[in-house]
C-alpha cells in the first residue's frame, strides 16, 4: 500500500527591503544548503560521500545523494521550499510567506530547518534581501511551531498521503481528513542559540516521541 508522510509548514519572513528574482525556489534551496552544512557538520572540509553518518544527514540526503539503493532514478528530496511566485522580478518591503514540505520522517530535523532559515536571513538571499523569521506555523492545524524565540514541536501535524480519500480529477477538496497526528517534545531553545550537539539531541527526542 502506498504510504508517504507529509509535514507542511508556513514560514513568515519579514524583509526591511528586498529585490528578488522571478524564480525564488533556487535562491532558497541553494542558500539554505550553504548554511545548513555549516550548522550540522563538524568538519571544516566535509567529505559527504565518505562519511559514515551520511544517510542520517539532512544536508547529504537533500543536496549530495546521487542515487538510490534500489533503481536508477534520482533519489527523492525530503524537503521542498515553495516560495511565492511573482511572475517577474520584484522589489519592495514587508512579509513574504514560504511553504516548506517535509516528507517521510524528516520532520525530526525541524530545529535544523529553523536554524537554516534564520542563518540564511542574516546572510540574505542577496545583498538587498535580508530577512527575519517572524514565525513558523503548521499548515494543517494552523498552530504556531516557532514564535521567533522558542520551538513548539508539540504542534506538528503529520498526515499520510496514502490514507487520504481519492477525489475526481478537476475537483479540489476543501478539507483534508488528517490520518495521523503526533506529539513531539517541546521546550527547545532558539535554534540559533543551540550548539550542534544540543540540536542533535533535540532531534533525537522528536524521533523517539514519533516512534521512528
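Miscellaneous remarks
- Residue within region 112-124 that is more than 11 Å from the chain's Cα centre (by Cα) and under 15 Å from residue 153 (Cα atoms) present: no
- Filtered by the rule that a residue be surrounded by 20 or more Cβ atoms within 10 Å (Cβ to Cβ) and under 18 Å from residue 136 (Cα atoms), region 9-27 gives 9, 11, 13, 15.
- Filter pass, residue 73 being in a loop (DSSP other than H, G, I, E, B) and at pLDDT 90 or above: no
- Residue 174 vs. criteria more than 12 Å from the chain's Cα centre (by Cα), assigned to a loop (DSSP other than H, G, I, E, B), modelled with pLDDT under 90 and under 30 Å from residue 2 (Cβ atoms): yes
- Unique residue being modelled with pLDDT of 80 or more, touching a strand residue (DSSP E or B) at 6+ places or on another chain (Cβ under 7 Å), buried (at least 19 other Cβ atoms within 10 Å of the Cβ) and closer than 16 Å to residue 137 by Cα when the list is 82, 98: 98
- Criterion: under 27 Å from residue 160 (Cβ atoms) and in a strand (DSSP E or B) - qualifying residue of 113, 98, 134, 108: 98
- Set side by side, the residues 64, 90 differ, and just one is modelled with pLDDT of 85 or more, surrounded by 10 or more Cβ atoms within 10 Å (Cβ to Cβ) and more than 16 Å from the chain's Cα centre (by Cα), which is 90.
- Residues being more than 13 Å from the chain's Cα centre (by Cα) and closer than 23 Å to residue 18 by Cβ - total across region 134-155: 4
- Any hit, region 35-51, residues being modelled with pLDDT of 80 or more, more than 17 Å from the chain's Cα centre (by Cα), in a helix (DSSP H, G or I) and surrounded by 12 or more Cβ atoms within 10 Å (Cβ to Cβ): yes
- All positions within region 121-133 that are farther than 15 Å from residue 100 by Cα and in contact (Cβ under 8 Å) with a residue 40 or more places away in the chain: 121, 123, 125, 126, 128, 129, 130, 131, 132
The values are calculated or read from the model by the stated rules, or taken from the named source; none is laboratory data. Quantities reported herein were computed from a predicted structural model and do not represent experimental measurements. Backbone-built Cβ (ideal geometry, glycine too); neighbour counts: all protein chains shown.
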